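Please treat every number below as a calculation from the coordinates, not as lab data. Computed from a predicted structure; not experimentally measured. Here the Cβ positions follow ideal geometry from the backbone for every residue, glycine too, while neighbour counts run over all protein chains shown.
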Amino acid sequence: MTEILQALLQGIVEGLTEFLPVSSTAHIVLTQEFLGVDRGDPFWKMFAIVIQLGAILSVIVYFRTRLTDFVGTFLNELAPRKSSEGTITGEMKTSKEWYRHPLCLVLISFVVTALPCLLVDKLIGENLERLDIIAWALIIGGIAMVVVDRFFSKSSTESIENMNLRQAIAIGLFQILAAAFPGTSRSMATIAGGQIFGLSRSAALEFSFFLAIPVMIAAASYKLLKHLLDEPLPTDTQWLSLAVGFVTSFLVAYLVIAWFMKWVRSRGFVPFAVYRVIAGTILLWWISRA
């Protein structure tokens, strides 16, 4: 199989799985295994990072209007109020605390996630090579999704505009599990954590998309920079493979976001949980046979 075709297939898998609660990391690792890709090859390690950036770009494009509104309302929230005489009073324009703005809550969740993940970066790298850990993370995560969807379906927060600081911190802590144990799924951790702490399905999903932007950009950029400093630059053919994977991941992920948003509003996450358990079980069987 040509390198370009391998890049295309991996880009499709990344786009399909990045924002579904099924773990894109697990699926990319398994795809590379089945395609016979050398996962120890520095180029393919970099490739897996680059196609993640393609997927996250789709979030920015898809939610561009909402993101622009968030930035505008946040800046407006911080602006000082003018008195009737035209002088600046120094008071906030609204009574709502600025740190409860969705943009700020996303950044708080990001910080809660990022700092511990930097400390366990070596563990994360080691776990990426452990197919048994990925398999068990898929199974346990699937069971957890069923439990959460069954017992935490009632919500007190229907939109991310009404989230509080406690919910943002809790979701950030759940993200650490996803980072430390590949196969857990970043989106699954965010959605499950959100539901446990009172978010509706749609609110938890939307927050998952927005939190993915700083989390994935920071993680991917950090790993990509380390790679470029330590390894030689890609060849012309490899640059083309990177471009194919990036564009494919972006296009497929964009379509998945649109579909998944509609799905969650009317259905739960149980089908994805069942898929996780089946996939993890098959992987454990395959490991035992290999």
Charge dipole of the chain about the Cα centre (unit charges at C-beta), most positive-ward option of Gly141, Phe34, His101 | His101
Counted neighbours (other Cβ, 10 Å), sorted fewest up, put Met163, Met46 in the order Met46, Met163
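To the nearest 500 deg cm²/dmol, what mean residue ellipticity at 222 nm is calculated for the chain from DSSP H runs of n ≥ 4 alone, each contributing -39,500 (n - 2.57), summed and divided by the residues?
Numbers: 12 runs with 217 residues, N = 290.
That calculation yields -25500 deg cm²/dmol at 222 nm.
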Do you know the Lys pair count in the chain for C-alpha distances under 13 Å, with sequence separation 8 or more or different chains?
-> 4
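Expressed as a rounded percentage, what relative contact order does the chain have, with Cα pairs under 8 Å and six or more residues apart? Numbers along the way, then the final one.
On the way: 416 pairs, mean separation 103.0, N = 290.
That works out to 36 percent.
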With a Förster distance of 41 angstrom and the Cβ-Cβ distance between Leu251 and Glu97, calculated FRET efficiency to the nearest 0.05 equals 0.55
Which entry in (1) 15.4; (2) 26.0; (3) 17.1 matches mean projected area of the Cα convex hull in nm² derived from the coordinates of this structure?
-> (3)
Distance in nm between Ala243 and Glu129 label points, each 7 Å along Cα→Cβ, equals 3.4
Contact order relative to length of segment 164-270, as percent, for alpha carbon pairs under 8 angstrom and 6 or more apart = 21
Which angle between 0 and 90 degrees, to the nearest 10, do you get for helix 3-17 versus the longest principal axis of the chain when only C-alpha atoms count?
-> 40
Rounded tilt (10° steps) of 131-151 against the dominant C-alpha axis of the chain = 40
Please report how far the C-alpha centroid of segment 166-230 lies from that of segment 242-290, rounded to the nearest whole angstrom.
-> 16
